[in-house]
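Next up is a structure, given as structure tokens.
The values are calculated or read from the model by the stated rules, or taken from the named source; none is laboratory data. Predicted model only: the values in this text are computed from it and were never measured. Counting neighbours? That spans all protein chains shown, and the Cβs are built from the backbone with ideal geometry, glycine included. Calculation scope for accessible area: heavy atoms of the full protein, side chains included, ligands and nucleic acids excluded. Shrake-Rupley method; radii C 1.70, N 1.55, O 1.52, S 1.80 Å.
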Amino acid sequence: MKAFLLAGATFLAALSVTATAWAGPTLDAVKKRGELNCGVSTGLAGFSLADAQGNYTGLDVDTCRAIAAVVLHDPKKVKFFPRSAQQRFESLKSGEVDVLARNTTWTMTRDTSLGLLFAPPTYYDGQGFMVSKKLGVKSAKELNGATVCVQPGTTTELNLADFARANKLTIKTVTIENLAEVEQAFFAGRCDAYTTDASGLASTRAARSGNPDDYIILPEIISKEPLAPAVRQGDDEWFNIVKWTVFALIQAEESGVTQANVDDMAKNSTDAQVKRLLGVTPDMAKALELDDQWAYRAIKAVGNYGEIFDRNVGKNSPLKLARGLNALWIHGGLQYAMPIR
């Protein structure tokens with residue numbers, strides 16, 4: 001009997017430790033502050049870019065606005081912190097920002113050694129190269145002896161070195177931390193080529209080149225770059241909120257729920273998935289420490305994933321990027337929401 005009681009006490013203690021570990025400080029801090037601190041890029045059209053009045057737009061920006069709508073009931077309660085590639089992780093780890101939505105690649109090393117956790121990718125990308133048409137280059141494999149502009153402290157820099165070794169290319173790199181400065185260096189002719197994520201190349205060509213037709217993006221994609229929001233390890237509650245906010249936006253597109261019809265769908269839809277998503281079925285978000293309308297607010301604020309994509313980087317944006325890998329799984333892409341049930 002004594003052994004049984006001891007085992008029972010040990011089990012209850014384990015449950016207590018687990019329950020304690022489940023809760024985390026970030027949600028409480030965000031609510032107390034009344035504002036979500038979001039780490040973004042220093043300026044990348046389509047993902048996070050401020051206008052002359054300091055108003056931010058972009059796919060990463062909308063991700064943060066959706067999170068703010070979920071936890072603070074207001075998508076405008078976000079403060080954006082532009083951070084360079086070398087600053088971004090320390091900014092998150094130090095607690096300066098609550099979430100990093102900064103076109104950041106999810107890798108094993110970052111996932112396991114930097115104290116980070118990655119939510120589902122909001123953009124599946126790959127690294128490419130851009131050159132001036134005057135260079136006369138049609139393939140990245142023709143860049144032997146070329147000078148290439150790249151940002152330091154990025155997977156881009158590492159991928160470039162791998163690509164050069166694999167293809168026996170001699171490449172000289174010009175590393176510049178500030179994004180605007182590396183773009184300026186390329187367009188000023190300091191480099192023969194500029195390499196970064198293909199979406200970033202399209203953004204730079206559209207927004208910074210002066211005449212986009214003077215530049216071409218070479219056909220090679222040399223890496224996998226799943227760009228995903230990141231949070232600190234050790235706060236499961238906050239990680240779950242960020243993770244399921246992204247899933248909710250993807251599921252909304254799959255279920256046909258849009259920013260325009262979300263009220264009608266909440267009132268009239270008979271679809272069980274839609275009812276769970278929009279809080280008609282009660283208590284779905286209790287384990288997230290959220291109310292039933294959490295996902296409704298995110299969709300009402302920024303639209304579903306497809307709307308966010310099209311508005312910022314897709315067909316309704318200056319970038320005109322194809323959905324490609326970022327199409328829903330039912331259309332041959334990789335975007336797939338875990339079941340909300």
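R311: open to solvent by 50 Å² or more (accessible area, probe 1.4 Å), within 19 Å of the chain's Cα centre (by Cα) and more than 30 Å from K93 (Cα to Cα), yes or no?
yes
Six or more apart or on different chains, Cβ under 7 Å: which pairs go from a residue in the stretch 206-217 that's in contact (Cβ under 8 Å) with a residue 24 or more places away in the chain and over 11 Å from S132 (Cα atoms) to one that's of a type outside the set (G, A, S) and open to solvent by 60 Å² or more (accessible area, probe 1.4 Å)? Could you list them?
Every condition considered, the pairs that remain are A206/P318.
Here is a further query. Which members of the stretch 89-105 meet the condition of being crowded, with 20+ Cβ neighbours inside 10 Å and modelled with pLDDT of 95 or more? Walk me through how you get there before you give the answer.
Applying the first criterion (crowded, with 20+ Cβ neighbours inside 10 Å) to the stretch 89-105 yields 89, 92, 97-105.
Across the stretch 89-105, the qualifying residues are F89, L92, V97, D98, V99, L100, A101, R102, T104, T105.
Sticking with this structure for a sec: Could you check the stretch 80-97 and list, in sequence order, the residues that are of a type in the set (K, R) and closer than 11 Å to A230 by Cβ?
In the first step, residues of the stretch 80-97 are kept if they are of a type in the set (K, R); the result is 83, 88, 93.
Those that are of a type in the set (K, R) and closer than 11 Å to A230 by Cβ: R88, K93.
Looking at T42 and the list (1) farther than 17 Å from A301 by Cα; (2) in a helix (DSSP H, G or I), which single condition is not satisfied?
(2)
Does the stretch 157-166 hold any residues that are among the acidic types (D, E) and open to solvent by 70 Å² or more (accessible area, probe 1.4 Å), and which are they?
D162
Further question: How do the strands (runs of 3 or more DSSP E) wholly within the stretch 113-156 filter down when requiring 1 or more residues that are open to solvent by 20 Å² or more (accessible area, probe 1.4 Å) and among the β-branched types (V, I, T): which remain?
Values: elements: 116-118, 123-125, 127-132, 147-150.
Hits in the stretch 113-156: 147-150.
Based on this model, can you work out whether D263 counts as open to solvent by 10 Å² or more (accessible area, probe 1.4 Å), in contact (Cβ under 8 Å) with a residue 24 or more places away in the chain and over 23 Å from C64 (Cβ atoms)?
Yes: the conditions hold for D263.
Any chance the stretch 308-318 includes a residue that's farther than 24 Å from I330 by Cβ and modelled with pLDDT under 95?
Yes, because at least one residue in the stretch 308-318 is farther than 24 Å from I330 by Cβ and modelled with pLDDT under 95.
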